[in-house]
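The values are calculated or read from the model by the stated rules, or taken from the named source; none is laboratory data. The structure displayed is predicted, hence computed values, not measured ones. Note that we place each Cβ from the backbone using ideal geometry, even for glycine, and neighbour counts take in every protein chain shown.
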Amino acid sequence: MTDLEALLLWQLKDAGLPEPTVQFKAIADRRYRWDFAYPDYRLLIEVQGGTWVANTGHTSGRGVARDCEKANLATVNGWRVLLFTGDMVKDGTALDTIIKAMEAG
């Protein structure tokens, strides 16, 4: 678990939310795993670390394409997908958005 993921998990617990499933595999025939999931809410959460580092993970052309495919597959399979940058985790935007998504059902 990355430092950003650990921070978000701490924020979720501190806010009194149920503990999410970690490293959740939402698409049975794919190797994709999501950082966090709330299966009862059909909600998947991914923290996009390293967004300001050139050509690594989520910022390379291949990484962006993989992230698009991953999110789109989840969506067409009935999941709601939330993607957050490290800055969004640090400033509380991620937590606020997750709470709103859970309140919306």
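With respect to the conditions (1) at pLDDT below 95; (2) part of a helix (DSSP H, G or I), Ala94 lacks only one, and its number is (1). Among residues of the stretch 1-20 being aliphatic (A, V, I, L, M) and within 14 Å of Thr85 (Cβ to Cβ), the one that is surrounded by the fewest Cβ atoms within 10 Å (Cβ to Cβ) is Leu7. Condition check for Thr51 on (1) touching a strand residue (DSSP E or B) at 6+ places or on another chain (Cβ under 7 Å); (2) more than 21 Å from Thr21 (Cβ to Cβ); (3) modelled with pLDDT of 95 or more: one failure, at (3).
One residue stands out in the stretch 27-48 among those that are aliphatic (A, V, I, L, M) and at pLDDT 95 or above: the one that is nearest to Val89 (Cα to Cα), namely Val47.
Restricting attention to the stretch 84-105, the residues that are buried (at least 18 other Cβ atoms within 10 Å of the Cβ) and free of Cβ contacts under 8 Å to residues at least 40 places away in the same chain add up to 2. The residues in the stretch 9-47 that are of a type in the set (A, V, I, L, M, F, W, C), closer than 12 Å to Trp79 by Cβ and part of a loop (DSSP other than H, G, I, E, B) can be counted, and the count is 2.
Within the stretch 5-32, residues that are on the phi > 0 side of the Ramachandran plot sit with their Cβ atoms under 6 Å from residues that are outside any helix (DSSP H, G or I) and surrounded by 14 or more Cβ atoms within 10 Å (Cβ to Cβ), at 6+ positions apart or across chains, in these pairs: Gln23/Arg33.
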